[in-house]
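Encoded as structure tokens, the structure appears first; notes follow it.
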Amino acid sequence: MHIKLVVTDIDGVWTDGGMYYDNTGNEFKKFNVNDGAGVLLLKKLNIPICIITGEKTEIVRRRAEKLKIEYLYQGVQNKLSKALELCQELGLTPNEIAYVGDDFNDVKLLRQAGISASPANAPAYIQQEAQWTLSKKGGEGAFREFVEKLLAHFDLLDETVKKVLDDFS
Ligand SMILES: O=C(O)[C@@]1(O)C[C@@H](O)[C@@H](O)[C@@H]([C@H](O)COP(=O)(O)O)O1
Ligand SMILES: [Mg+2]
């Protein structure tokens, strides 16, 4: 397949968009273990993953570290510029990246990526900007669905799942 890098948004894709605040300055997000398996499928194919989020939290740093996500950019205002910078560093064209995002700050990148998707909970006017609309909402395993759909699109899903199953056998 021509996709060499998978780039993803966080809030509203890996989460349901919820940002839990307590009275003492703590903030919480809830992730879905299903998305971790999406990362596993891409690792099996040696396709690196890049997180680009407008937020900046220790929460996402820890999640990315746990899943050994190759590239993490937080507090990003212009996601397209950041993705293009990384493309240049890696010698890729935007057509070689797949992107999933859910809101206004994702639109420029959704338009430029070779393959793009938004989750089921994204507003209709954002979904219109992406090639695929996922059946899952953010926080419900939307990233894993995106990865599976991507691999299925290039007829790589069955063999990749089989390899991962073998690893666990
Ligand atoms: O409601 C928010 O907190 C907000 O809207 C504020 C924006 O300035 C921006 O930080 C946005 C954030 O980009 C969402 O995070 P992402 O979806 O992972 O990029 O969150
Ligand atoms: Mg988002």
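The values are calculated or read from the model by the stated rules, or taken from the named source; none is laboratory data. These numbers come from a predicted model, not from an experiment. So basically every Cβ, Gly included, is an ideal-geometry build from the backbone, and we count neighbours across all protein chains shown. Just the protein is used for accessible areas: all its heavy atoms, side chains included, with ligands, DNA and RNA removed. Shrake-Rupley method; radii C 1.70, N 1.55, O 1.52, S 1.80 Å.
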At R0 = 35 Å the Cβ-Cβ FRET efficiency linking residue 58 and residue 131, nearest 0.05, sits at 0.60
Summed over the other residues with a beta carbon less than 14 angstrom from that of residue 86, with K and R at +1 and D and E at -1, the charge totals -1
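What ranking of 153, 2 comes out by heavy-atom accessible area, probe 1.4 Å, highest first? Present the calculation step by step, with values, prior to reporting the outcome.
Numbers: 153 110, 2 70 Å².
Result, largest first: 153, 2.
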Counting only DSSP loop positions in the range 56-128, the trypsin sites (Lys or Arg not before Pro) whose Cβ has at most 13 other Cβ atoms within 10 Å are 56, 68
Simple spin-label estimate for residue 167/residue 74, 7 Å along Cα→Cβ, in nm, reads 2.5 nm
The alpha-carbon center of the range 69-124 and that of the range 128-148 are separated, in whole Å, by 14 Å
With the convex hull built on the alpha-carbon atoms of the range 41-98, volume per residue in Å³ sits at 83 Å³
Computed, not fitted: 222 nm per-residue ellipticity of the chain from DSSP H runs ≥ 4 (each -39500 (n - 2.57)), nearest 500, equal to -11000 deg cm²/dmol
Sparse-neighbourhood loop hits (trypsin sites (Lys or Arg not before Pro), the range 3-32; DSSP loop; Cβ within 10 Å at most 10 others) -> none
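Rounded if a/c is under 1.5, else prolate if a/b beats b/c, else oblate: with a ≥ b ≥ c from the C-alpha gyration tensor eigenvalues square-rooted, which is the range 5-167?
Working: a/c = 1.38, a/b = 1.20, b/c = 1.15.
Rounded, because the longest to shortest axis ratio a/c is under 1.5.
For the range 5-167, what's the relative contact order in percent, using C-alpha pairs closer than 8 Å and at least 6 residues apart? All intermediate terms of the calculation are to be shown ahead of the outcome.
Numbers: 293 pairs, mean separation 46.7, N = 163.
Relative contact order of the range 5-167: 29 percent.
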The extension gain from residue 154 to residue 23, computed as 0.36 nm times the residue separation minus the Cα-Cα distance, is 42.4 nm
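Share of antiparallel DSSP beta bridges in the range 5-167, in percent to the nearest 5?
Expressed as a percentage, antiparallel bridges in the range 5-167 total about 10.
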